[in-house]
Number of protein chains: 2
Amino acid sequence: MESQDLKKAGLKATLPRLKILNFLEDSEVRHMTAEEVYKALLESGEEIGLATVYRVLTQFETAGLVTRHHFEGGQSVFELNEGTHHDHILCVKCGRVDEFMDETIEERQHAIADKLGYAMTDHSLYIYGICPECQKKAK
Amino acid sequence: MESQDLKKAGLKATLPRLKILNFLEDSEVRHMTAEEVYKALLESGEEIGLATVYRVLTQFETAGLVTRHHFEGGQSVFELNEGTHHDHILCVKCGRVDEFMDETIEERQHAIADKLGYAMTDHSLYIYGICPECQKKAK
DNA sequence: AATCATAATGAGAAGGCTTCGCATTTCTAT
DNA sequence: ATAGAAATGCGAAGCCTTCTCATTATGATT
């Protein structure tokens, strides 16, 4: 019963929010735009408005349930927070997204913020490249 | 004579392009939105259209004269390419931008791309935090 | 279970940033 | 100087996202 999760997050357990949360949890794709969520829900027969999807995803972000990414291309991409922190590497050809985590980089970032006197609140690291599959195709 | 720089970059030396390039070179602010460039030029008495500023900055980016950043907040921010590669740390309170370069992080990024089989083309690293001045104010 | 105050939704309008389309102007090579 | 090609400026249009507001759903209370 996910309605508990929503209430813990300080959100009323409304139908649209439950639908979106369930969808994010069940989807095998981990990174999606608001529009992709919206269309997928419509296609699965749910009634929902695009504005609601945006609102709910923003609330989820504030509540810490979801992370919003600013990959190149303009649209925001959302990801359900599961497991631990990680960064992303993206294929510039096919859009594939892989995740990684490097303790050394994390440490260096904190060291840099400290050295410059910043109280670090967040960071974003995206590596762009051509994924193995797209390299094969190109040959 | 910057018109040479433009021609080297494969761009016709037109007045708007020269104005924008000169402005970027003379400005003490290194990171600016298209609109900021546009308004600054208007205020200094130049005639120019906003669409032209966008077009020219995009051309400069393609030509390698300028880098476009996607800081949080929606607008693209442009920076004249001078000196060497560096990453950015931004203050979430006042918008201040500082630059840094960490050889270890650079190496780790390449190592990660290699390990995952990606041919790395680019990367972007932004650290967000509260700058020293804003920390003082908060107390 | 019915009621009520409040908060959330849906649909479309509106907003911000960026690009497009096209008539006019500016470049550059002749 | 001149012609052909490319660039400009303006407004319109396009995206993505947020806002507005009438309607509807939620959850606490009776």
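The values are calculated or read from the model by the stated rules, or taken from the named source; none is laboratory data. Owing to the predicted nature of the structure, the values given are computational and were not obtained by experimental measurement. Here Cβ is always computed from backbone atoms with ideal geometry, including for glycine, and neighbour counts include all displayed protein chains.
Cβ-Cβ distances below 7 Å connect the following pairs, each with a first residue in the stretch A:16-43 that is assigned by TED's automatic domain parsing to the domain that holds A:Thr67, a second residue that is of a type in the set (Asp, Glu) and surrounded by fewer than 16 Cβ atoms within 10 Å (Cβ to Cβ), and a separation of six or more residues or different chains: A:Leu18/A:Glu2; A:Lys19/A:Glu46; A:Leu21/A:Glu2; A:Asn22/A:Glu2.
There is no residue in the stretch A:3-22 that is among the charged types (D, E, K, R), touching a Lys or Arg at 6+ places or on another chain (Cβ under 8 Å) and either on the phi > 0 side of the Ramachandran plot or modelled with pLDDT of 95 or more (or both). For the stretch A:5-19, name all the residues that are touching a Ser or Thr at 6+ places or on another chain (Cβ under 6 Å) and among the hydrophobic types (A, V, I, L, M, F, W, C). A:Ala13, the sole residue that qualifies. Only a single item in (1) under 30 Å from A:Ala13 (Cβ atoms); (2) modelled with pLDDT under 95; (3) within 11 Å of chain B (Cβ to nearest Cβ) is not met by A:Glu82, and it is number (3).
Against the test of being within 12 Å of another protein chain (Cβ to nearest Cβ), over 20 Å from B:Phe71 (Cβ atoms) and of a type in the set (Lys, Arg), the options A:Lys137, A:Lys93 yield a single qualifying residue, A:Lys93.
Within the stretch B:85-98, work out how many residues are without any contact (Cβ under 8 Å) to a residue 40 or more places away in the chain and of a type in the set (D, E, K, R). Matching residues across the stretch B:85-98 total 2.
Restricting B:Glu107, B:Glu82 to residues that are more than 16 Å from DNA strand C (Cβ to nearest atom), closer than 26 Å to A:Ile127 by Cα, in a helix (DSSP H, G or I) and without any contact (Cβ under 8 Å) to a residue 12 or more places away in the chain narrows the list to B:Glu107. Across the stretch A:82-133, which residue is surrounded by the most Cβ atoms within 10 Å (Cβ to Cβ) among those that are polar (S, T, N, Q) and touching a strand residue (DSSP E or B) at 6+ places or on another chain (Cβ under 7 Å)? Looking at residues that are polar (S, T, N, Q) and touching a strand residue (DSSP E or B) at 6+ places or on another chain (Cβ under 7 Å), I get A:Gln109. Among the residues of this structure, B:Ser76 does not count as one that is away from DNA strand D (no atom under 11 Å from the Cβ) and either in contact (Cβ under 8 Å) with a residue 60 or more places away in the chain or over 13 Å from the mean Cα position of the chain (by Cα) (or both). Among all positions in the stretch B:55-76, there is no residue which is in a helix (DSSP H, G or I), farther than 23 Å from B:Lys12 by Cβ and either among the aliphatic types (A, V, I, L, M) or outside the structural domain of B:Leu18 (by TED's automatic domain parsing) (or both).
Consider the stretch A:20-52 and keep the residues that are within 14 Å of DNA strand D (Cβ to nearest atom), part of a helix (DSSP H, G or I) and of a type in the set (D, E, K, R). The one that is surrounded by the most Cβ atoms within 10 Å (Cβ to Cβ) is A:Glu36.
Residues that are more than 12 Å from DNA strand C (Cβ to nearest atom) and of a type in the set (Lys, Arg) within the stretch A:1-16 comprise just one, A:Lys8. Condition check for B:Ala63 on (1) out of contact with any Ser or Thr (no Cβ under 6 Å at 6 or more places or on another chain); (2) within 14 Å of another protein chain (Cβ to nearest Cβ); (3) within 16 Å of DNA strand D (Cβ to nearest atom): one failure, at (2).
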